[in-house]
Amino acid sequence: MQRTMGRIGFGLALLLLSTAARAQGLADDRDAPKDKPKADEKAEELVAPALEKFVDADYPAEAEQQALEGNVVLVLDIDASGHVTNASVSQSAGHGFDEAAVAAAKQFTFKPATRGGKPIAARILYKYAFTLKGAPEEVEEAATTGVLRGTVRVGADGAIDNATILVTDASRKIVSTKTKADGTWEVKDLAPGNYTVSVQAEGYDVFKANEDVVANQSTEVVYRLKPKSDGVAEVVVRGEPPPREVTRRELSRRELSRIPGTNGDALKAIQSLPGVARAPGLSGLLIVRGSAPADTQIFVDGTPVPIVYHFGSFSSVVPTEAIEKLNFYPGNFGAQYGRAMGGIVDVKLREQNTDGKLHGMAQVDLIDARVMANGPLPFAKNWTFFVAGRRSWIDAWIGPVLDKAAGGSTSITSAPVYYDYQAFLETKPTASSRFRIGYFGSDDKLKVFLKGPVEGEPAIAGDLGLHTGFGRFQALYENQISDAVRVRANVAYGYDATNLNAGSLKLNIDTNPLTSRGEVSVKATDWLTVNVGEDVNYTHAKVEVHAPPPPRPGEASPGPINTQGLMVQDSSRDIFRPGMYGELELTPTERLRLVAGGRADYSDDTQKWDPSIRTSARYTIVNEFPKTIAKAGWGTFYQPPQPQETDSVFGSAGLRSNKATHYSVGAEQEITRHVDLSIEGYYKDLTSLVTRLPTAQGNEYFNTGSGYVAGMELLLRYKADEHFFGWIAYTLSRSERRDTDDKGLTLFQYDQPHILTALGSYKLGKGWEIGARFRYVSGSLYTPCTGIGGFYDSASGSYSCISGTAFSQRLSAFHQLDVRVDKTWEFRAWKLSAYLDLYNVYNHQSPDDVSHNFNFSREVEQKGLPIIPSLGLRAEF
Amino acid sequence: MKRVLFALAMLAACGNDFDPKSSITGIRVLGVKVDTPYAKPASKPTLSMLYADGTSDRVVRDPKIVWFHGCTNPNGGLYHQCYPGLSQRLGQAFQGHAQIIDKEVPGLVTLGHTTTTDVPADALAGKPQGKVFVFFAVCGGDVSYDPNPPNSSGLPIRCTKNGEDLSADEFVYGYTPLFVFDKLTNANPVIDGLTFGGNAPATKTCAEGCPADHACSGSRCLPVVPLCTASSETDCPQVAFKPLVARASVEDDPLNQSQESLWVEYAALNGRFDSGTRVVNDPSHGWNDDSEGKFVTFKAHPGEATLFAVVRDNRGGQAWISFDVIVQ
């Protein structure tokens, strides 16, 4: 028997365009999925890589002797120039087939994958088949035509029935067929040559690929379709983006816009992730891994911003439509970020559409209305624009409601109103570079006239005004200069304003921050990448404060404000905080990734340098499905004192930065193609915490505080497919502090031992989708009032709570069910969506705080919000 | 701070189910007036207390009033920083043994609704401002020294009757802060009179014949206010009660570089006020003529009622006036 090696090349075009840059040196944003235009227009064309140079594998001797055949499924990483940078085995055939297939595949050359005509890196599954041909008398007469055969899938195992397959040859002659119920299709009798295959199916983006048909051979392909975009910018939320951090969590655009109870707000979706505690009431605070809200920093494309939510936590300051990706680091973040001990939220604004068409969106619900438009800039070649704005209209109805509830004791002179706005121009000077300039900002306002003083605070009467706002002019430049070198830079200048006025109290702080951030990343070798960067903040601040010194957390009430005497600060100051960092990313083996970095920050209010070290490691224990990955990290983090702590009137001199040391260890386990489990334990050691202590001169600040946070996070997740997404997230944690070393540890104000979130959303078909989210969270801590009633201050006529041990009591647990229903109608030129987001479906009013009668002799839990429906309508083109 | 003020705004707009502060249903201290609200070093200001007892129906009884002296410039200017020093001195005075306080201890303990206190000569200690705290306890039974009282207020004292600790309805403890300045002064507000229902009080006696809508109580003619038996306070009629505060009471507040804040707090024995506290003068908006309290006989009972108006400024100054009516 004549035995010859036969091979049949199978190409499985599975494009995993995840922004997880598995190939070194790739910029995240280059892989970021872009916003999708409406369905019946030409979608941003996605073309799979096409094999150009095939290399025969050596047939394993053992298998040949035993007349064995086999198929090896490989995972191939193909860079933007078409070279195979990595080949690993997904399905093994044993008997030496795996090694032979890997050796041959690494020598393949491809025509690279493209999106919108631009070459991109890709990862595909490739089936290398080893077959033994029979004796010459068994060989059929060779045909002059070939067969193109394939399967159309969605998700892991779903098949698409009745999809239209169009096979077009070079002369534009088209042969069409339909897929069967199992997604398979076949076109026979094709002349050898190159064909364009197009797959069209209702509810999915059009898919195209180029295939080669060879005479006397069958070309088999598997295509995976992606569900049509909802029109929302494809936003990805990551736990931490590779390659620098330990944990990675990623949410699809559909998940972000459909989580019940969030009104489709991407930044509010963070609150459903493990490690994020529930903020009390309408506070709008972000509490990450047991840290104070001030310990977590918020960035927009690397530029720090002062707040993340509008007041009342109704919505975030950047709408989902303007967001492309959220990077969320709950801890152990890389050296590129500093001056924070808690977590980091870095919002990445959307990149512009490059399809040359104008797009727009308008949405209205019970709280606010928003509009967005983006497209090519008229009369400016290669420039695009993006403008968006949102304004609350709650002021139209809440004023009369509050007035009625107050029975005439207040008068809303200017009801709560917020707005935010974004305007950008962007161009791509070269195929690998991007330049953007723009302005974005946010504003919140509220004014109340109190006809009588607030109970217990006689000095707070009359006009009560609140205003916070910020604006940033930002310029951003990114360039993947070569496969090995990437440059990123941004600079921003703007204003932050906080204005609070109540009776004789004043707090007016206006700052003008100038920030810059720049990084150069060089892939020195296959296993080493070096990142170096700067991160500089300069702020000019004008401060007008007439207020008593704030009470220390948990201490006995100092009495009504008017009895304390106001401290006055009317001055300007400048704060300069430069920082620099360097990092090494090492992959000494295919399975091991190490990151080692260092950072140095200077702050002129402490007049000290704070050097810190950050390290992380990921090891792939099992490389094939189901993958198992172990990870660990350690780092030091410094956070300068808050401005009021070093202020010449309210603060103290000679302070150092707060310090935290983070430790984390965890694992990620794939369970099925869609289900994975992630578990991580963490410990944060806190030292040199700035603490306020009473002295003979009055309260002063010292670096005597310390504490810790320890916890475990678990995430069991079903990754989004065409029907369903969902997860169960559980956090167990404990957070304790002490003011001085001679005092015992007590629970920290924001400690929440148990945080459970279970959510899911299911597409019913015909444009309907329904979802639910259940949360159970330990109650918030509060400081009880002890004694027989409160202490009476005769100067003000008010009583003060006699505080017990700080934060020693816990409110009842919070639990709530939210439900969301969406219906979408698609028309030829536009799409209309309606949704109902129902908060607190079973109307359980969890306690948010405790209130007392006038002399603190009686106490009652203050309930949170009742059931609230939020109806919304959205139109887009 | 943003969160605090937003919450205050919401709090001001939203009510709760507790009885209002303006309804006196137990022993209550309504004010402590100091003859010189800004005291000078080495001075002896006089403190006098206005109190009311709403526990027994119109039977005026004298609760025990005990004053505790001797806390000057505590750490941070905070009243609770006085506790360690005061507790130690009381322990020495009473040899650490729990006992009823029924006699004065010079410089430490005085009794009665009026007292004087010593401001030390070094109360300023080279600083522009000093602070003296005078504590007091008002008890429907006996005030005792106890080194380890249950439900401690921070001070080693208890209020008991027949060996049982009395509740907050019969035990009030607090303090009066005295600001000490070398040169700055502050006068108490001046109340020139009052109006009730828009009218000045009747001057006739019963023997002279009471005016319409008045009735006799002893020898006095008191206005009559109908008892409200409605189930909701909003369905009850309101009668305006207003102290006539002299405009000259508004002084300059040099520390805050503005005018003083003045407000009036209303309270009633037998009845309540619709809004218990009103602004009289606001530094930003100025004088407020609409500072009257609205008296309501919701949950009241037939008989005499006493209305109180205590006017305060934001620098420790106080003045008060009271008025009796008949609820029928």
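The values are calculated or read from the model by the stated rules, or taken from the named source; none is laboratory data. From a predicted model like this one, the values you see are computed outputs, not experimental measurements. Neighbour counts are summed over all protein chains in view; Cβ atoms, including those assigned to glycine, are modelled from backbone coordinates with ideal geometry.
What number of residues in the stretch B:255-282 are under 19 Å from B:Phe181 (Cβ atoms) and at pLDDT 85 or above?
Selection size over the stretch B:255-282: 3.
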Problem set entry | Which numbered condition A:Ile867 misses (of (1) in contact (Cβ under 8 Å) with a residue 12 or more places away in the chain; (2) within 30 Å of A:Gly203 (Cα to Cα); (3) surrounded by fewer than 16 Cβ atoms within 10 Å (Cβ to Cβ)) | (2)
Seminar exercise, completed: Exactly one of A:Arg370, A:Arg339 is basic (Lys, Arg), at pLDDT 90 or above and either under 28 Å from A:Val690 (Cα atoms) or outside any strand (DSSP E or B) (or both), and that residue is A:Arg339
Exercise. Do we find a residue being within 14 Å of chain A (Cβ to nearest Cβ), touching a helix residue (DSSP H, G or I) at 6+ places or on another chain (Cβ under 8 Å) and small (Gly, Ala, Ser) anywhere in the stretch B:251-262?
Worked result: yes
Problem set entry | Breaking point among (1) modelled with pLDDT of 90 or more; (2) more than 30 Å from A:Phe748 (Cα to Cα); (3) β-branched (Val, Ile, Thr), for A:Ile868 | (1)
Seminar exercise, completed: Selection from the stretch A:824-842 of residues surrounded by 14 or more Cβ atoms within 10 Å (Cβ to Cβ) and assigned to a loop (DSSP other than H, G, I, E, B) yields A:Trp830, A:Asn840, A:Val841
Exercise. For the stretch B:67-90, how many residues are within 14 Å of chain A (Cβ to nearest Cβ), at negative phi and not aromatic (Phe, Trp, Tyr)?
Worked result: 11
Exercise. Can you find even one residue in the stretch A:265-283 that is at pLDDT 85 or above, assigned to a loop (DSSP other than H, G, I, E, B) and of a type in the set (Val, Ile, Thr)?
Worked result: no
Problem set entry | Residues that are buried (at least 16 other Cβ atoms within 10 Å of the Cβ), in a strand (DSSP E or B) and away from chain B (no Cβ under 14 Å), drawn from the stretch A:417-434 | A:Tyr419, A:Asp420, A:Tyr421, A:Gln422, A:Phe424, A:Leu425, A:Glu426, A:Thr427, A:Arg434
Exercise. Looking only at the stretch B:292-312, which residues are at the interface with another protein chain (Cβ under 9 Å from one of its Cβ atoms) and modelled with pLDDT under 95?
Worked result: B:Arg312
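Output the residue which, of all residues in the stretch A:436-452 that are modelled with pLDDT under 70 and touching a Lys or Arg at 6+ places or on another chain (Cβ under 8 Å), is surrounded by the most Cβ atoms within 10 Å (Cβ to Cβ).
Selected residue: A:Gly452.
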Exercise. If you scan the stretch A:476-487, which residues turn out to be part of a strand (DSSP E or B) and without any contact (Cβ under 8 Å) to a residue 40 or more places away in the chain?
Worked result: A:Val485, A:Val487
For this session: Identify, by number, the condition in (1) more than 9 Å from chain A (Cβ to nearest Cβ); (2) at pLDDT 50 or above that B:Arg58 doesn't meet.
Result: (2)
Exercise. Which ones in the stretch A:580-605 are farther than 20 Å from A:Glu534 by Cα and crowded, with 21+ Cβ neighbours inside 10 Å?
Worked result: A:Arg593
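Just to check your reading of the model, which residue among B:Asp289, B:Asp282, B:Asp252 is crowded, with 19+ Cβ neighbours inside 10 Å and acidic (Asp, Glu)?
Numbers: B:Asp289 fails: crowded, with 19+ Cβ neighbours inside 10 Å; B:Asp252 fails: crowded, with 19+ Cβ neighbours inside 10 Å.
Being crowded, with 19+ Cβ neighbours inside 10 Å and acidic (Asp, Glu) holds for just one of B:Asp289, B:Asp282, B:Asp252, which is B:Asp282.
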For this session: Hey, could you check the stretch B:98-110 for residues that are in contact (Cβ under 8 Å) with a residue 12 or more places away in the chain and not hydrophobic (A, V, I, L, M, F, W, C) and say which is farthest from B:Ser43 (Cα to Cα)?
Result: B:Gln99
Problem set entry | Positions within the stretch A:207-227 being surrounded by fewer than 21 Cβ atoms within 10 Å (Cβ to Cβ), at negative phi and assigned to a loop (DSSP other than H, G, I, E, B), in sequence order | A:Val214, A:Ala215, A:Gln217, A:Lys226
Seminar exercise, completed: Flagged in the stretch A:650-680 as more than 14 Å from every other protein chain (Cβ to nearest Cβ), in contact (Cβ under 8 Å) with a residue 60 or more places away in the chain and closer than 24 Å to A:Ile575 by Cα, in numbering order, are A:Asn658, A:Lys659, A:Ala660
Seminar exercise, completed: Exactly one of A:Val860, A:Val821 is within 14 Å of chain B (Cβ to nearest Cβ) and part of a strand (DSSP E or B), and that residue is A:Val860
Seminar exercise, completed: Checked pairs for the stretch A:771-793, first at the interface with chain B (Cβ under 7 Å from one of its Cβ atoms), second small (Gly, Ala, Ser) and buried (at least 20 other Cβ atoms within 10 Å of the Cβ), C-beta under 6 Å and 6 or more apart or across chains, list as A:Gly787/B:Ser153; A:Ile788/B:Ala168; A:Gly789/B:Ala168; A:Phe791/A:Ser800; A:Phe791/B:Gly174; A:Tyr792/B:Gly174; A:Asp793/A:Gly559
Exercise. Among the numbered criteria (1) in contact with an Asp or Glu (Cβ under 6 Å, 6 or more places away or on another chain); (2) closer than 24 Å to B:Asn162 by Cβ, which single criterion is violated by B:Thr110?
Worked result: (2)
